[in-house]
Amino acid sequence: MKIMDVQFIISAVRPDQYPEDALPEVALAGRSNVGKSSLINKLIMRKNLARTSSQPGKTQQLNYYRVNDMIYLVDFPGYGYAKVSKTQREKFGEMIETYLQEREPLKLQLLVIDIRHEPSKDDVLMYNWLKHFEIPTCIVATKADKIPRSKWDKHIKMIKTTLEADPRDSVVLFSSETGLGREQLWDVINEAIAT
Ligand code: GDP
């Protein structure tokens, strides 16, 4: 995928701030620190456009990036950060639920999981939500460079088992460090927005 142009559009806190030009959207969810910003930066070949947040979990907003005037990447707030207040957690829940339920242009959700660890309770909740709203999902197992190649299969299997993943959902091994999986993930995205 050749990246011609990427623009940060808005940090939206309310649905009326979401773009209205109906370009297809690919959203990204994952725990704080899972490597979501690094993954976005790798996908769009920019060093630091997606900001690695200094105060994880604080701001409940959807960050919109427009790529090649073709799609929006929509970055969800990282979840599972211990110090988030109950109010913040509830805000996250409301915002994400409304988005998943009502957002017509959403074509694909990327659920970003650290390949080294079993998915957390929050990951399982997020995945169940996606399936409840029948959102096409791609599980992205990132930080693959952090474990030996010989362990990849075993870890992918563990992730699928814990999530009770739908076999129709694709799984992509990824590393923002080496670029592993970048082309494959663009293929999954392009296929999803073409349908
Ligand atoms: P976010 O909170 O989910 O946006 O996570 P970040 O993108 O800020 O990444 C959290 C930390 O993990 C940073 O120190 C990154 O450099 C590191 N990291 C992210 N992705 C990878 C990866 O694929 N491989 C390695 N080795 N480190 C990564």
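The values are calculated or read from the model by the stated rules, or taken from the named source; none is laboratory data. Fair warning: this is a prediction, and the values are worked out from it, not measured in the lab. Quick reminder, even Gly has a Cβ in these numbers, built from the backbone with ideal geometry, and neighbours come from all protein chains shown.
Residue count for the range 134-148, restricted to those that are within 10 Å of the ligand (Cβ to nearest atom), farther than 17 Å from Met158 by Cα and in contact with a helix residue (DSSP H, G or I) (Cβ under 7 Å, 6 or more places away or on another chain): 0. Among the residues of the range 124-151, which ones are among the basic types (Lys, Arg), within 12 Å of Val112 (Cβ to Cβ) and out of contact with any Ser or Thr (no Cβ under 8 Å at 6 or more places or on another chain)? Matches in the range 124-151: none. Whether any residue in the range 92-99 is of a type in the set (Phe, Trp, Tyr), over 26 Å from Ser175 (Cβ atoms) and touching a helix residue (DSSP H, G or I) at 6+ places or on another chain (Cβ under 9 Å) is what I want to check. Yes, some residue in the range 92-99 is of a type in the set (Phe, Trp, Tyr), over 26 Å from Ser175 (Cβ atoms) and touching a helix residue (DSSP H, G or I) at 6+ places or on another chain (Cβ under 9 Å).
Is it true that Asn41 is closer than 22 Å to Leu180 by Cβ and surrounded by fewer than 21 Cβ atoms within 10 Å (Cβ to Cβ)? If you could, list the steps in order and put the result at the bottom.
On the way: closer than 22 Å to Leu180 by Cβ: yes; surrounded by fewer than 21 Cβ atoms within 10 Å (Cβ to Cβ): yes.
So Asn41 fits the description; yes.
Restricted to the range 17-37, and to residues that are in contact (Cβ under 8 Å) with a residue 12 or more places away in the chain, part of a loop (DSSP other than H, G, I, E, B) and farther than 20 Å from Asn128 by Cα, which residue is farthest from the ligand (Cβ to nearest atom)? Before the answer, list the steps.
Of the residues in the range 17-37, the ones in contact (Cβ under 8 Å) with a residue 12 or more places away in the chain are 18-19, 22-37.
Subsequent filtering for residues that are part of a loop (DSSP other than H, G, I, E, B) retains 18-19, 22-24, 32-35.
From the residues that got through so far, the ones that are farther than 20 Å from Asn128 by Cα too are 18-19, 22-24, 33, 35.
Working: Tyr18: 21, Pro19: 22, Ala22: 27, Leu23: 23, Pro24: 23, Asn33: 4, Gly35: 3 Å.
Step by step, filter the range 17-37, then rank; the result is Ala22.
Ser11 - would you say it is within 20 Å of His117 (Cβ to Cβ), in contact with a Ser or Thr (Cβ under 8 Å, 6 or more places away or on another chain) and modelled with pLDDT under 95? In short, no.
One residue is enough: does the range 138-150 have a residue meeting the conditions free of Cβ contacts under 8 Å to residues at least 12 places away in the same chain and either among the aliphatic types (A, V, I, L, M) or assigned to a helix (DSSP H, G or I) (or both)? Walk me through it before giving the result.
Within the range 138-150, the subset free of Cβ contacts under 8 Å to residues at least 12 places away in the same chain is 148-150.
Restricting the remaining residues to those that are either among the aliphatic types (A, V, I, L, M) or assigned to a helix (DSSP H, G or I) (or both) gives 149-150.
Looking through the range 138-150, at least one residue is free of Cβ contacts under 8 Å to residues at least 12 places away in the same chain and either among the aliphatic types (A, V, I, L, M) or assigned to a helix (DSSP H, G or I) (or both).
Have a look at Lys160, Lys151 and point out the one that is out of contact with any Asp or Glu (no Cβ under 8 Å at 6 or more places or on another chain), at pLDDT 95 or above and either surrounded by 15 or more Cβ atoms within 10 Å (Cβ to Cβ) or aliphatic (A, V, I, L, M) (or both).
Values: Lys151 fails: either surrounded by 15 or more Cβ atoms within 10 Å (Cβ to Cβ) or aliphatic (A, V, I, L, M) (or both).
Residue meeting the stated conditions: Lys160.
As a summary of the residue check, Lys131 satisfies the conditions (1) within 17 Å of the chain's Cα centre (by Cα); (2) within 19 Å of Leu39 (Cα to Cα) except for the one numbered (2). Does the range 122-133 include one or more residues that are within 16 Å of the ligand (Cβ to nearest atom), in a strand (DSSP E or B) and surrounded by 14 or more Cβ atoms within 10 Å (Cβ to Cβ)? No, the range 122-133 contains no residue that is within 16 Å of the ligand (Cβ to nearest atom), in a strand (DSSP E or B) and surrounded by 14 or more Cβ atoms within 10 Å (Cβ to Cβ). Any residue in the range 79-86 that is at pLDDT 95 or above, closer than 30 Å to Met158 by Cβ and under 12 Å from the mean Cα position of the chain (by Cα)? Looking through the range 79-86, none of the residues is at pLDDT 95 or above, closer than 30 Å to Met158 by Cβ and under 12 Å from the mean Cα position of the chain (by Cα).
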